[in-house]
Amino acid sequence: MYVKIYIYHIKIDKIEEYLSIQEKAGGIYGRYIDSQTTYLRSSEDRTKWMEITKYRSEEEYNKRIELINNDKEIKDLFKSFQSVLLESKSEIIEENFTELMNNSTL
């Protein structure tokens, strides 16, 4: 599996708006590609979030992401997303991984 991880900081008073944006974005992504996303909030810094999305393969992701990024709704949602980022920590960290093993026991 191909895994994208994003780390960013959300304003405390914008969490509901952030979750709404992510729900809408997930619906749009679902029109183009199969994926599974998990959102984690840091226990130590309540503004810090990690987003982990799994895709079947890097090739499938690369084929579909251009279509997703050209979607007008996604562009609008990204602008909304940028508005909920904490100004003093507005950087979005993006990393790519390959899942080699999943030992899920839940």
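Applying the selection to segment 1-26, what residues are over 12 Å from the mean Cα position of the chain (by Cα) and not polar (S, T, N, Q)?
If we filter segment 1-26 for residues that are over 12 Å from the mean Cα position of the chain (by Cα), which is where we start, we get 1-2, 9-17, 20.
Scanning segment 1-26 gives M1, Y2, H9, I10, K11, I12, D13, K14, I15, E16, E17.
Out of (1) assigned to a helix (DSSP H, G or I); (2) surrounded by 15 or more Cβ atoms within 10 Å (Cβ to Cβ); (3) without any contact (Cβ under 8 Å) to a residue 60 or more places away in the chain, what's the single condition that is false for W49?
Status for W49: all satisfied but (1).
Please go through segment 81-99 and pick out each residue that is closer than 19 Å to G26 by Cβ and not in a helix (DSSP H, G or I).
Just the residues of segment 81-99 that are closer than 19 Å to G26 by Cβ, to begin with: 81-85, 92, 94.
Residues satisfying the conditions are L85, I92, E94.
Before we move on, is K54 touching a Leu at 6+ places or on another chain (Cβ under 8 Å) and surrounded by 12 or more Cβ atoms within 10 Å (Cβ to Cβ)? Give the derivation first.
On the way: touching a Leu at 6+ places or on another chain (Cβ under 8 Å): no; surrounded by 12 or more Cβ atoms within 10 Å (Cβ to Cβ): yes.
So K54 fails the test.
Out of (1) over 18 Å from K79 (Cβ atoms); (2) under 10 Å from the mean Cα position of the chain (by Cα); (3) not polar (S, T, N, Q), the odd one out for E58 is which?
Against the list (1) over 18 Å from K79 (Cβ atoms); (2) under 10 Å from the mean Cα position of the chain (by Cα); (3) not polar (S, T, N, Q), E58 comes up short only on (2).
Just name the residue that is farthest from V84 (Cα to Cα) out of those in segment 7-36 that are touching a Phe, Trp or Tyr at 6+ places or on another chain (Cβ under 8 Å) and among the hydroxyl-bearing types (S, T, Y).
It comes out as S35.
Suppose the filter is under 23 Å from I10 (Cα atoms) and in a loop (DSSP other than H, G, I, E, B); does E73 pass it? Working first, answer last.
Numbers: under 23 Å from I10 (Cα atoms): yes; in a loop (DSSP other than H, G, I, E, B): no.
Here the answer is no, as E73 does not meet what is asked.
Listed here are the residues, each with its yes/no results for (1) loosely packed, with under 13 Cβ neighbours inside 10 Å; (2) in a helix (DSSP H, G or I); (3) small (G, A, S).
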| site | (1), (2), (3) |
| --- | --- |
| D13 | yes, yes, no |
| K24 | no, yes, no |
| Y39 | no, no, no |
| E44 | yes, no, no |
| N62 | yes, yes, no |
| K79 | yes, yes, no |
| M101 | yes, no, no |
| S104 | yes, no, yes |
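Since every read-out is calculated from the coordinates, none of them should be taken as a lab result. This structure is a prediction, so every number in the text was calculated from the model and none was measured. Cβ coordinates were reconstructed from backbone atoms using ideal geometry, including for glycine residues, and neighbour counts include every protein chain displayed.
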